[in-house]
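Colleague: Following this message is one structure expressed as structure tokens.
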Amino acid sequence: MEFSHKSVLLDECMEALKLRPDGIYLDGTLGGAGHSYEIARRLTTGRLIGVDRDAVALQAAGERLAPFADRVTTVHSNFSELDHILDGLGIDAVDGMLFDLGVSSPQLDDAQRGFSYMADAPLDMRMNKDDTLTAAEVVNLWSQDELRRILYEYGEERYAPQIAAAIVRRREKAPIRTTLELVEVIRSAMPPQALREKQHPAKRSFQAIRIAVNDELGAIGKLMRSAFARLKPGGRLAVITFHSLEDRIVKSEMQLAARGCTCPPEFPVCVCGKTPLIRIVTRKPIVSGARELEDNPRARSAKLRVAEKL
């Protein structure tokens, strides 16, 4: 398939990173290389490290970034392995990092990847095909309690108990093997008023299962704890999120790193000795403007948060 993707908040990200022609930058969610292309073309003696867990995206990005091959290094890995990636390249710290979280448009649009509730395909949802856990395993083997938990926590699905129960009842007869079979089960568990809502009834459940398959929230937490330490003083971290669960983690980790001291408020003096690591640049997240939303409706939920290493 052709891996093309409209980069969200592109101009805002370039401004946020305060790019220097001789700097070292890392794009931890390379995708279609839209952001990376703009970073690479601004470099002269600098370097760009592009990371993605999806081999299809990595190959397509390599082709798009070919004009800048002398300044670009691509790595097939999960951004949560940031320390391992930089150590492997012999890099102690970088001048800027960008992470565009969530599933990309080509992954959603390629029916055979199993991310979409609009087309029939095997239940897969793996961002990295080398991973072993698939959506089919989650749906057919995880307990009813665990299914209810991920649907509620990761999908914020208010009908999580009913949907989890319906999945278990259905799989007792035969395994649920495809996306549209799962959509049918989800629909059957929801009341008529929920089926009349504008949002597709399976959207929240598919989001929850995808997050579980790829351990997306765990990866974000691990990433944020590593990122601040691997920035040079004055270096910028820019993170785009697409739903409240991602944004909550990013916001919380930035606030924690910016606060420094973790002593209880009633302590008269600091005894923990921790000092702020970063300055939060965006007190409120940057969102897409009307022109971008008209061109790319998928940008409507995007939020950009930026921090600077002290």
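The values are calculated or read from the model by the stated rules, or taken from the named source; none is laboratory data. The structure presented is a predicted model; accordingly, all values stated were derived computationally and were not measured. All Cβ positions, glycine included, derive from the backbone under ideal geometry; neighbour counts span all protein chains shown. Each accessible area value is taken on the protein alone, full model and side chains, heavy atoms only, with ligands, DNA and RNA left out. Shrake-Rupley method; radii C 1.70, N 1.55, O 1.52, S 1.80 Å.
Colleague: Restricting attention to segment 190-218, and to residues there that are within 11 Å of the chain's Cα centre (by Cα) and aliphatic (A, V, I, L, M), which single residue is surrounded by the most Cβ atoms within 10 Å (Cβ to Cβ)?
Modeller: I211
Colleague: Right, another one. So which pairs qualify, if the first residue must be in segment 215-227 and without any contact (Cβ under 8 Å) to a residue 60 or more places away in the chain, the second must be open to solvent by less than 30 Å² (accessible area, probe 1.4 Å), the Cβ gap must be under 7 Å, and the two must be at least 6 apart or on different chains?
Modeller: Short answer, once both residue conditions are applied: M224/V250.
Colleague: Please report, ordered by residue number, the helices (runs of 4 or more DSSP H) entirely within segment 16-128 with at least 3 residues that are open to solvent by 40 Å² or more (accessible area, probe 1.4 Å) and more than 30 Å from I186 (Cβ to Cβ).
Modeller: Numbers: elements: 34-41, 55-64, 82-88, 105-109.
It comes to 55-64, 82-88.
Colleague: Take segment 129-164 and flag every residue that is in a helix (DSSP H, G or I) and of a type outside the set (A, V, I, L, M, F, W, C).
Modeller: The first filter runs over segment 129-164 and keeps only residues in a helix (DSSP H, G or I), leaving 135-141, 144-153, 160-164.
Residues satisfying the conditions are E137, N140, Q144, D145, E146, R148, R149, Y152, E153, P161, Q162.
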